[in-house]
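In what follows, a structure is listed as structure tokens, so that the remarks can point back to it.
The values are calculated or read from the model by the stated rules, or taken from the named source; none is laboratory data. These numbers were taken from a predicted model, which means no experiment stands behind them. Cβ sites come from the backbone with ideal geometry, for glycine too, and all protein chains shown count toward neighbours. What goes into the accessible areas is simple: the full protein's heavy atoms, side chains included, and nothing from ligands, DNA or RNA. Shrake-Rupley method; radii C 1.70, N 1.55, O 1.52, S 1.80 Å.
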Amino acid sequence: MDTNAILLNLSGKLPKDSIALGILKEKLDKLSDKQRDEFYQKVIMARLKSPSLIFWVGSFLFGSLGVGRFMVGDILLGIIRLALSIVFIVLTLVDKTNLENYNFMLTSSDASVGGMLLWAIKAWWFIDLFLVGKRARDLNMKKCLELL
């Protein structure tokens, strides 16, 4: 298989910058046709992560729960995001319970903690929309270079 054909087939899963692609292209050009075919078979078997799947499912739909981070292997960041979301949900439920059962009004400090937590979760979700896909592409590139 031709080097350009391999890169074209992998283009959606690899970084967009020309430096990383240039390094991979240079290494593939040094291989024989048989070695390139073997490399491509290894890449197919390696099951590279799909940045578009990670974006839409992991980050866009379930990003506030840290699913995108779990999908790219950032377990600690995924756990932190999940914990923040759970804390926010618990605080919201406790506040609603207090309001309904005891006619208890929130103090301004309680409301600001929940509000700040909500904005932190939203900001992190928005930032991860861009970072998680890049991380998946970088991991795919690393895996490709290891297979060479």
Inset, instruction - Say whether the condition of being at pLDDT 90 or above, over 24 Å from the mean Cα position of the chain (by Cα) and of a type in the set (A, V, I, L, M, F, W, C) is met by at least one residue in the stretch 29-49. - result: yes
Inset, instruction - Assess whether Ser18 counts as being over 28 Å from Leu77 (Cα atoms), among the hydroxyl-bearing types (Ser, Thr, Tyr) and modelled with pLDDT of 90 or more. - result: no
Inset, instruction - Would you tally the residues in the stretch 16-71 being outside any helix (DSSP H, G or I), farther than 18 Å from Phe130 by Cβ and of a type outside the set (D, E, K, R)? - result: 3
Legend entry - Pair list, Cβ < 9 Å and 6+ apart or interchain, from the stretch 27-53 residues that are touching a residue at least 40 places away in the same chain (Cβ under 8 Å) to residues that are open to solvent by less than 70 Å² (accessible area, probe 1.4 Å) and of a type in the set (Phe, Trp, Tyr): Leu28/Phe39; Leu31/Phe39
